[in-house]
Amino acid sequence: MTAIIEAQNLIKRYDGFTAVDDLSFSVAPGEFFGLLGPNGAGKTTTIRMLYGFSPVTEGRLRVFGLDIDRDRRAIKARIGVCQQDNTLDPDLSVEQNLLIFAGYFGIPATEARHRAGELLDFFALGHKKDAKVMALSGGMARRLILARALINEPDLLILDEPTTGLDPQSRHQVWEKLAALKQRGLTVLMTTHYMEEAAQLCDRLVIVDHGKILVDGAPPDLIARHAGGDVIEIEGPDQALRDHIARNNVAHDDLGRKLIVYTTAESDMNTTIRNNFCTDRCTFRSSTLEDVFLRLTGRELRE
Ligand SMILES: Nc1ncnc2c1ncn2[C@@H]1O[C@H](COP(=O)(O)OP(=O)(O)OP(=O)(O)O)[C@@H](O)[C@H]1O
Ligand SMILES: [Mg+2]
């Protein structure tokens, strides 16, 4: 089966600065694929190359089995993109934003109105059809951007931080819609800084830092491999605990005021710490994708 996306040794340089540094990954039909990484990791740069907005410096990029340099127009016609920034036209109505976009794809007017109606209903925006975009809340605007990305009935949906800035209600609503699209077999590539979102939606993901892939895998496998299975957070740890951890060579992060210990459910470390080393406050929890992300990309601020 032809991969939907096939990136081989992809490189993007800006005046000598390497933003994407030898990325190789592929996305299969129907897969929900995550591109994660700290600010400045190169996610948006990669996405821009994927939809033909920014030329590839080096490497090979094929989408739907076609070469991005040679068949850019054919590829673009089959992709839906939700960019990181809000690119809606504020002076137009909700429906007009969709119709104008449909025009870019050469969709006939009657068909465009039909699709716009269906998409507005799907994203619970039907009642806002004639409202000006300026009058929409952030969550509604995001949903409209998603609706617009689907107007050409794409085979690949590309989402650059689709839920950034949304309240929990709006975010959960978007997740439901994205899960429904995934159910229908749509192939999706998404970036996000919300690890819970990635863990819920992505079949597979890569974590990128400084333009390079650090890991690739399904969220549960990455969690098991890189963050044990259980985590203990000890606030105000004492020296005895630090000595115990060092003696037993246990995976951990020492943040000074807090010690984070990565264990597995089978390990008796949990009991030992619970009984002997819980000082100010101890939290026992399952490890998450956020633990994996922080362990692999560190805790230093970027940019
Ligand atoms: N047009 C450009 N010219 C020069 N440098 C650029 C350009 N676009 C991006 N960069 C740089 O490339 C790097 C990667 O940027 P990119 O926007 O791809 O990061 P990102 O992973 O999407 O980050 P964020 O999570 O903040 O959106 C950054 O260091 C950025 O400053
Ligand atoms: Mg970005």
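Quick notes on this structure:
- Rounded tilt (10° steps) of 94-104 against the dominant C-alpha axis of the chain: 70 degrees
- Inter-probe distance in nm under a simple model that places probes 7 Å from Cα toward Cβ, at Gln183 and Thr283: 3.2 nm
- Phi to ³J(HN,Hα) by Karplus 6.51 cos²θ - 1.76 cosθ + 1.60 over the range 39-45, Hz, x for Gly, Pro: 3, x, 5, x, 5, 5, 4
- Protection proxy ranking of 63-72, 29-38 - average other beta-carbon atoms within 10 Å, highest first: 29-38, 63-72
- Its alpha carbons give the chain an Rg and a Dmax of 22.3, 74 Å.
- The packing ranking, built from the mean of other Cβ atoms within 10 Å per residue, places the peptides 154-167, 180-193 in the order 154-167, 180-193, highest first.
- Extending 7 Å from the Cα toward the beta-carbon at both Gln96 and Arg70 defines two label points whose distance is 4.2 nm.
- Spatially proximal lysines relative to Lys129 (Cα-Cα < 28 Å; intrachain offsets below 8 disregarded): Lys76, Lys177, Lys182
- Using the Cβ-Cβ distance between Met1 and Asn39 with R0 set to 30 Å, the FRET efficiency from 1/(1 + (r/R0)^6) comes to roughly 0.30.
- Working from Cα pairs under 8 Å separated by at least six residues, relative contact order for the range 5-218 is 31 percent.
- Euclidean distance of C-alpha centroids, the range 1-72 and the range 118-192, integer Å: 23 Å
- Close amide H partners of Val81, meaning residues 5 or more places away or on another chain with modelled amide H under 5 Å apart, are Ile158.
- Taking Cα atoms only, the orientation of helix 138-149 departs from the longest principal axis of the chain by about 60 degrees.
- Listed by chain and number, the lysines placed with their C-alpha closer than 17 angstrom to that of Lys43 are Lys12, Lys212; residues fewer than eight positions away on the same chain are left out.
- Dipole of the chain, positive end: most advanced residue of Gly211, Leu36, Tyr51 [Cβ charges, Cα centre]: Tyr51
- Note on Ala246 and Asp22: the extension gain reaches 77.0 nm, defined as 0.36 nm multiplied by sequence separation minus the Cα-Cα distance.
Only the coordinates and a few stated rules stand behind these numbers; no lab work does. Predicted model, so just to flag it, every value in this text is computed and none were measured. We place every Cβ from the backbone using ideal geometry, glycine too, and count neighbours over all the protein chains shown.
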